[in-house]
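To keep things clear, I will list the structure first and then write my remarks on it.
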Amino acid sequence: MRSDDYKLVSYSNFSSVESLNLADNRLDGSDLNAFRNMSTSSIEYIDLSNNSLSSVPFWLGNCAKLGYLYLGSNALNGSLPSPLRNLTSLTLLELDLSENNLESVPL
């Protein structure tokens, strides 16, 4: 993304977004900061697979209706990223963490 793109995204109103697909874009964690002001109350599907994420954005943990989260083929390592610990298992139907270097994922 160019710096002008960040401005566009940061000032856009995302109050009714239900699906966000940013797969295959070589994004890292700092690229996702542009979405920090996005309303997380209605989003149900996020695909961030096949990027260069070594961490996940804090706002992911606030997605109360999130049912599908794809983080496969990134650079995540260690234990389950802390924003994901906030997600309730009652709403999360599918979670893909494949092809990362995670050592432990609590069930």
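List the residue pairs whose Cβ atoms are under 8 Å apart, where the first residue sits in the stretch 1-28 and is closer than 20 Å to L53 by Cβ and in a loop (DSSP other than H, G, I, E, B), the second is at pLDDT 55 or above and open to solvent by 90 Å² or more (accessible area, probe 1.4 Å), and the two are 6 or more positions apart or on different chains. Note: pairs meeting the criteria are F14/N37.
Yes or no, residue by residue, for (1) in a loop (DSSP other than H, G, I, E, B); (2) open to solvent by 20 Å² or more (accessible area, probe 1.4 Å):
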| position | (1), (2) |
| --- | --- |
| S54 | yes, yes |
| L60 | no, no |
| L66 | yes, no |
| L69 | no, no |
| E99 | yes, yes |
| E103 | no, yes |
| P106 | yes, yes |
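Is there a residue being at pLDDT 90 or above and open to solvent by less than 60 Å² (accessible area, probe 1.4 Å) anywhere in the stretch 87-97? Yes: the stretch 87-97 contains one or more residues that are at pLDDT 90 or above and open to solvent by less than 60 Å² (accessible area, probe 1.4 Å). Looking only at the stretch 37-52, decide whether some residue is open to solvent by 30 Å² or more (accessible area, probe 1.4 Å), at positive phi, in contact (Cβ under 8 Å) with a residue 24 or more places away in the chain and in contact with an Asp or Glu (Cβ under 6 Å, 6 or more places away or on another chain). The answer is yes, given that some residue of the stretch 37-52 is open to solvent by 30 Å² or more (accessible area, probe 1.4 Å), at positive phi, in contact (Cβ under 8 Å) with a residue 24 or more places away in the chain and in contact with an Asp or Glu (Cβ under 6 Å, 6 or more places away or on another chain).
The values are calculated or read from the model by the stated rules, or taken from the named source; none is laboratory data. As the structure is a computational prediction, the values presented were derived from the model and not from experiment. Cβ coordinates were reconstructed from backbone atoms using ideal geometry, including for glycine residues, and neighbour counts include every protein chain displayed. All accessible areas refer to the heavy atoms of the entire protein, side chains included, with ligands and DNA or RNA removed. Shrake-Rupley method; radii C 1.70, N 1.55, O 1.52, S 1.80 Å.
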